[in-house]
Amino acid sequence: MVFEEVYNEYVDIVFNYLRQRLKDSYLIEDILQETFYAVYRNLPELKKKDSIKSWILSIAHNKMVDKIRKVSKETLPDLAEKEAEPSIDPLPESTLFLEEILQKLPGEDRQILYGLYVLQLKYSELAEIMNLPEGTIKSKAYHARKELKDCLKEGAG
Amino acid sequence: MNHVREDLIIKYIQNDLSVEEKMELYDLMLKDGGFRKRLKEELEFSRKLRDTNLTLDRNVKDRIYQEIRLRAVKENLARMDIGNLVTEKILRLFMPKICSPLFKMLKK
């Protein structure tokens with residue numbers, strides 16, 4: 001597979017995955033660049049991977065964790081939760097409500113739900129990507145879904 | 001609803017059910033109204049969550065791509081320079097003096 005194809009196919013997936021946790025578009029852009037540069041350099045490894053998506057997402061996740069750690073040390077502790085920058089297109093009105101509710105959940109839980117429902121990742125894949133035990137992912141997903149359901153009920157009521 | 005049933009729904013959404021699990025799911029759908037309602041909610045939630053997907057701005061996408069290519073080229077050049085320098089040093093040390101005009105010519 002040529003790098004350009006991999007990039008075009010997965011850049012939006014990684015972008016949306018990172019967006020569940022980070023709100024600063026510059027930080028997201030930076031991590032996207034780091035991630036795909038690592039992909040570019042390790043392109044021959046691609047053939048050995050069962051799931052390209054999980055492989056790329058685990059690179060992105062590790063880069064994200066490193067970046068958050070680094071940024072926190074550099075006197076900007078709340079950068080990860082900074083408001084969204086205007087370079088990202090706004091969401092349509094209809095999905096704003098859900099987006100608003102999702103923001104009430106911890107970033108890690110949002111990533112788990114996004115991974116399960118949208119990226120269709122298995123619990124085991126998510127566990128590998130996020131460096132967490134599969135049981136933890138399951139339990140977090142269960143509680144996040146429950147919390148979200150309660151919020152949606154409140155919102156509807 | 002217990003974890004097993006929740007897992008079944010997730011697997012259904014991910015189209016990852018085994019034959020046995022499919023049978024179990026259909027059985028639950030037929031017999032359990034609560035499960036049917038939950039499945040419907042989960043499918044709706046999944047659809048809504050997909051709608052929150054954004055597309056990265058084309059300009060940003062292109063910029064990141066160009067920066068990666070540029071970085072790769074720079075790194076290759078840097079690696080080549082180091083390689084050339086090392087080769088040159090070794091050749092200068094070990095080649096007989098008589099070869100030095102030839103070396104200069106090759107360098108040109």
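The values are calculated or read from the model by the stated rules, or taken from the named source; none is laboratory data. Quantities reported herein were computed from a predicted structural model and do not represent experimental measurements. Please note: Cβ atoms are built from the backbone with ideal geometry, for glycine as well, and neighbour counts cover all protein chains shown. Keep in mind that these areas ignore ligands, DNA and RNA; they rest on the heavy atoms of the full protein, side chains included. Shrake-Rupley method; radii C 1.70, N 1.55, O 1.52, S 1.80 Å.
Things worth noting here:
- Residues located in the stretch A:24-50, provided they are open to solvent by 30 Å² or more (accessible area, probe 1.4 Å) and away from chain B (no Cβ under 11 Å): A:42, A:44, A:45, A:47, A:48, A:49, A:50
The rows are residues; the columns are (1) modelled with pLDDT under 95; (2) assigned to a helix (DSSP H, G or I).
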{"position": "A:6", "(1), (2)": "yes, yes"}
{"position": "A:16", "(1), (2)": "yes, yes"}
{"position": "A:27", "(1), (2)": "yes, yes"}
{"position": "A:63", "(1), (2)": "no, yes"}
{"position": "A:69", "(1), (2)": "yes, yes"}
{"position": "A:76", "(1), (2)": "yes, no"}
{"position": "A:99", "(1), (2)": "yes, yes"}
{"position": "A:115", "(1), (2)": "yes, yes"}
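- All of B:9, B:64 fail the test of being touching a residue at least 24 places away in the same chain (Cβ under 8 Å) and open to solvent by less than 70 Å² (accessible area, probe 1.4 Å), apart from B:9.
- The one condition from (1) assigned to a helix (DSSP H, G or I); (2) within 11 Å of chain A (Cβ to nearest Cβ); (3) open to solvent by less than 80 Å² (accessible area, probe 1.4 Å) that residue B:50 does not meet is (3).
- Selected residue (criterion: farthest from residue A:143 (Cα to Cα)) from residues of the stretch B:13-40 that are in contact with a helix residue (DSSP H, G or I) (Cβ under 9 Å, 6 or more places away or on another chain) and within 11 Å of another protein chain (Cβ to nearest Cβ): B:16
- Scanning the stretch A:1-17 for residues that are aliphatic (A, V, I, L, M) and either surrounded by fewer than 17 Cβ atoms within 10 Å (Cβ to Cβ) or within 10 Å of chain B (Cβ to nearest Cβ) (or both) yields A:1, A:2, A:11, A:13, A:14.
- Those residues of the stretch A:98-157 which are among the hydroxyl-bearing types (Ser, Thr, Tyr) and either out of contact with any His (no Cβ under 8 Å at 6 or more places or on another chain) or more than 21 Å from residue B:47 (Cβ to Cβ) (or both), in sequence order: A:114, A:117, A:123, A:124, A:136, A:139
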